[in-house]
1. At 1.4 Å probe radius, can you tell me the per residue accessible area of chain B in Å²?
2. Suppose R0 equals 51 Å; then what is the FRET efficiency for residue C:127 and residue B:239 from their Cβ-Cβ distance, rounded to the nearest 0.05?
3. Using every alpha carbon pair in the protein assembly as shown, what percent of pairs falls into each 20 Å bin from 0 up to the bin containing the largest distance?
4. What whole-number volume per residue, in cubic angstrom, does the convex hull of the C-alpha atoms of the range A:82-121 give?
5. Taking only DSSP H segments of four or more residues, each worth -39500 (n - 2.57), what value at 222 nm results for chain B once the sum is divided by all its residues, to the nearest 500 deg cm²/dmol?
6. Which translational diffusion coefficient, to the nearest whole µm²/s, is obtained for the range C:1-63 from the Stokes-Einstein equation, given a Kirkwood hydrodynamic radius over C-alpha pairs, 25 °C and 0.890 mPa s?
7. State the Cα centre-to-centre distance between the range A:137-167 and the range C:162-229 in whole Å.
8. Quick one: check the C-alpha center-to-center distance for the range A:197-214 versus the range B:153-229, whole angstrom.
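The values are calculated or read from the model by the stated rules, or taken from the named source; none is laboratory data. This is a predicted model, so every value here is computed, not measured. Neighbour counts run over all protein chains shown; Cβ positions are idealised from the backbone, glycine included. The protein model used for the area step is the full one, side chains on, heavy atoms only, and it has no ligands, DNA or RNA in it. Shrake-Rupley method; radii C 1.70, N 1.55, O 1.52, S 1.80 Å.
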Amino acid sequence: MELMLQQFINAVSLGSIYALVALGVAIVFSILRLANFAHGELMTVAGYTLYATLLAGVHWFLAALAAIAASVIAALLLERLAYRRLRSANPLTLLITSFAVSVALQSLFLLFFGARPKGIELPAFVDAGFRIGQLRVQWLDVFIIVITGLIVLSLHLFLKKTVIGLALRSAADDFRTTRLMGIKANAVVVGAFMLSGALAGIAALFYFATVPNVVPSSGFEPMLKGFIACVIGGLGSLPAAVVGGFLLAFLEVGSDAILSNSLSPYLDAIVFGIAIILLRWRPGGLFGVRMTEDLRV
Amino acid sequence: MSSLGNQKDSSASPANPAADVILRATGLAVAYGAVEAVRNLDLEVAAGEIVVLLGANGAGKSSMLNAIVGLSPRVGGSITFEGHDITRKSTEMIVRSGISLVPEGRRLFSNMTVRENLRLGGAALRPAEFEREFERLHDLFPILRKRADSQAGLLSGGEQQQVAIARALVGRPRLLLLDEPSLGLAPIIVNRVFEIIEELRRRKVTILLVEQNAERALKIADRGYVMSNGVVEAAGRAADLQASAIENAYLGTAGA
Amino acid sequence: MAMSQKWWLRALIGSAQILVLVSLLVAAVSLLGSSTDQRILTVFLINLIAAIGLQIYTGTSGIISFGHVGFMALGAYGSALFTADPAIKAMGIPNAPDFILTSAMGFLPAMLIGVGVAAMVAAVIGRVFVRLGGSAAAVATLGFMVMVFTVLSNAEEWTRGAKAFSGIPAYTTMGWCMGAFAVILVIARLLRESDTGLGLRSSRDDAIAAQASGVDVVNSRYVMWVASAACSAVAGALYAHYIGAILPKAFHFELTFLVVTMVIVGGQSITGAIVGTLLITILAEALRRLENGFSLGSFSLSEAPGLTTAVLALLIVFTLTMRPQGLVGRWELDDLTARWLAKRRPAANGTALPFEKDRERNPAA
């Protein structure tokens, strides 16, 4: 029973990180139909910022804010320098461009920081926890889960109650008509990238708190998981991204618990395999989001 | 209203020349790549007028409306609104300057509620201002009260058309562009749409209307332009158009 | 009047033209080039096969795959496992099954095993993947690449895991490369010009419309997917037997990027894949040389490991902004030569010009 509960907490905590990454990916995708593979590198930027500021002795709270700010700035730069000129390009070109941007950023990280992992000096409270009977709960997990809950809730309210939020939703539905409402196209796109950057930054904080070192390719794995979460949920829908993130985490933790030790190194492969089976069953994702890009078969 | 000429060159002018013309397109040309949709078109709309654009499918009417708000690629000519040149302005700036388009097919944000749709229509308004405008529209569109929190995509075609018009009005535009508001609606609903337009006319809303239903449109319009293959074939007072030119230009092309 | 050629004739003529050009290049480098040049050429030919392999799917369906490097890895490991010296295997992977430990096959049968494994895997997952388009396909195929990587990195009994699997016989010669290239080029062009290929290409812009007009989009994609995976595996096998030692990391993000780039920068045709591969190979080589013999003040570029890739990636973004359809678009070499011939030699004798039924015609005048 304790073990089950322990696994449950692990899954929710992991799912929170995936959900945040998936949300960041989905916001940009829903509006621009752009799969931003460089989303992982936004997280890496946050990781290096966290490493550098903590190394310099900055208080962890300020370091966290700096990391989020770095992600947001990086996201805005990406939009301005790489994606804006390609806004009307065909989807394949966009896809390759975002892939190339991701590769270029990884290479730049390699150039500036080298291939060796940079250890992040986490504050002590990250390892602290408490016990309920046999169950040991880390404060970090509680923190991740609560903050993610708050973020999802405030994002929901933001998208429901504010004009900018409504504009983000309507632009995802019909960009042209959104402009007919007098809403600036650039404002919507920049807003989406800001949100996406902020989500990447927060997800990076949680991710690097659990994996406390950063290498040039650090962002790749969480980015891929976030994207897969989006695809299983239904690419382009925000609620689907959140559900997909938690589903992926539960699949991962669940498989890990069931699998024998000899199979657990294959965890990622097995989870992706299950995801592929899910897609066989519902090519449009669980929520069956309409695929404007391609035929639904 | 003073008399309007029936000749093509002079009839393009509204009642009181120059004084209260708010929209003026001069030599406007629209092209999608090599395909010319509108050629050398002159058009004027005066404050408080209802002007109707008639013509067969593909005559360039919708392209014209979209060109005014900057959604169609304008390749020549100029457009002024209330004396300001808006030819090179972006769609969002044109809309903010006081022109509102109800697009063909209504184009509501279907997975958002009626109220949310209207909120976007009044995106520039402060929350309190928006509430006031929203209330003000209730007597004209009772549906807004009944279905405020329904998902827009689930409404019937007629209801959606009303919401689309309300969405365009909530920002208090000084010129309303209506693109085929009766398209695809049952006759009884079409009546309701024309009632609304007549009510808007009583409230002195300036309207440029594109409509297939020429007879109905000319009944409520002050003036009309008949387009064919991207150019104006005839223009003049609604009553005069109804009597004569319409049969030749409009029906002639439509029958071809 | 221009008459349409038989589709297979068109494919063969097109392949022959390309083969002549590539053979000339190979002959020139073999006679005149240094051993470094010849090494670059061999790598170029292997990349060419990988790019054409991917282009068989992407060029016809319009869907990108980030997973083909996974098929290359399967081809590489498949072929390597069955050819390596049993004595070396006994040390490196003592716990592998007997049929691997004792096997000392020739190149061709071992390569075919690798290709067969890749084709089988492609056939199994293909049913899902061909139903995905655009970004969903990109994500899923990327996931597949990581899946293969994870399996190879952890199946230590078979592959030595993340460590290099060495002792692979150096079978890959220029002759093998040219032979494999010729075969795959012909297969690629045949598939492309066949009714299946033509129908699928018509679905690139609007899959739903193509389907409505009778193109069996899903099954056509499936055929291309499996064929394309098999050809990628050939490139993987050649690579393994050229380098002599392979590790899973070699078939990851960077190679994926390289191969995808070759295909996209070139254009949508087989010729495009070749042009793209040529361009990327030259660029990468030039950048590497710059890196070695170049320093800016105290900042020595030879100590800049990420620079080549970074510059390459930026160049690609730049090229795509300038030419979103790729360098040669959808044209094949034979289309271009046919047009050129038509311009130079007006059909004075009245015989048919080699024009194609679905392509632009230029009435001789």
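1. It amounts to 42 Å² per residue over chain B.
2. Calculated value: 0.15.
3. Pairs per bin, as whole percents: 13, 37, 33, 15, 2, 0.
4. Hull volume over Cα atoms, normalised by residue count, gives 91 Å³.
5. Using -39500 (n - 2.57) per qualifying helix, the result is -9000 deg cm²/dmol.
6. 175 µm²/s
7. After rounding, the separation between the Cα centres reads 46 Å.
8. Computed from Cα coordinates, the inter-centre distance equals 53 Å.
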